[in-house]
Amino acid sequence: GSPMIKKIRNAIADYYTKEQEINITLFKILGVAGVIVSFVAAIESLIAGGTAKNAAVINFMAGIMAILLLWFVEQSGEYVVGYLITTVTVFMGLFAVLFFKSGGMDGSMPYFFVFGLVFSFMMYEGILLSIVVIIEMLFYTSICVFSLRNPGYVTAFESPEAAFIDKLTGLIIMGLSLGFIVMLYIGEYKKQQKIAEEASNA
C-alpha cells in the first residue's frame, strides 16, 4: 500500500490500542460507530424523501456532534465529561426526538433506550452510576407514558410493514451491538486474568 494508507492505518491502530481502560476503548469504538451510523442513516433518509428528510437532518447533526465529542475527549482527557455529554445529548436528547418521530412504542427506539442504559452501566462507576441510571430510567418511562397519553405528538408509521421493518432493524442492530460490547468486556477480562496469573506464577 501507499505511505499515506499506512500512515492512516497506523494512526487508527494507535487511537484504539494505546494503554487505556476498557471503557475508554469502548467509548471510542461506540463514538466512531455512531458517526458512521449517523451519516449512513442520514443518506438513507434523504433517499427515502418525504417526512424522512427531517430525520436526515437530525442524523447528520448527530454525526457532526459525535466527531466533535470524540475530538474534545481525546484532547482534554475528560472521559467522564464525554460520557455525560453522550448520555444527555444522544441517549436522552436525540433518542427522545427519534422516539416521537419514529412511531413511539411501535418503533425500534425502545431497544435503543436499553442500549443507552447498558452504556451507562459500562461507563460509570459508584454513586454517579446510580444517579445517571435512575435519571435515565425516569426519563425513558416518562416519555413512554407521555406518548401513550398524547398520541398526537408521535409520528406514526405509514404502514404496518414500515413499523415491522423498523422494529426488526432495531432488534438486529441492538442485538449485534450489545453482543459485541459483552464480547469486548469478556475478552478484556480474560486478558487481565491471564496477566494476573502470569504475574502470580512469576
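Summary table below
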| read-out | value |
| --- | --- |
| Whole-number percent relative contact order across the chain, with pairs defined as alpha carbons under 8 Å at least 6 apart | 18 |
| Equivalent ellipsoid dimensions for the chain as semi-axes, Å, which come from the Cα gyration tensor, largest first | 33, 22, 16 |
| Potential extension, Ile29-Glu158 segment - 0.36 nm per residue separation minus Cα distance | 43.0 nm |
| Carbon/sulfur fraction of accessible area - segment 131-202, other protein chains in place, 1.4 Å, % | 69 |
| For the chain, built as a Gaussian network whose Cα springs stay under 10 Å, the top-fluctuating residue of Asn150, Asn59, Asn23 | Asn150 |
| Ranking by accessible area, most exposed first, for Glu125, Glu78 with a 1.4 Å probe | Glu125, Glu78 |
| Heavy-atom accessible area per residue - the chain, 1.4 Å, Å² | 62 |
| Exposure of Leu171 as accessible area (Å², to 10), given a probe of 1.4 Å and all protein chains | 90 |
| Tyr111 accessible area, assembled protein chains, probe 1.4 Å, Å² | 80 |
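The values are calculated or read from the model by the stated rules, or taken from the named source; none is laboratory data. What you see is a predicted model, and the numbers here were worked out from it, not measured in a lab. All accessible areas refer to the heavy atoms of the entire protein, side chains included, with ligands and DNA or RNA removed. Shrake-Rupley method; radii C 1.70, N 1.55, O 1.52, S 1.80 Å.
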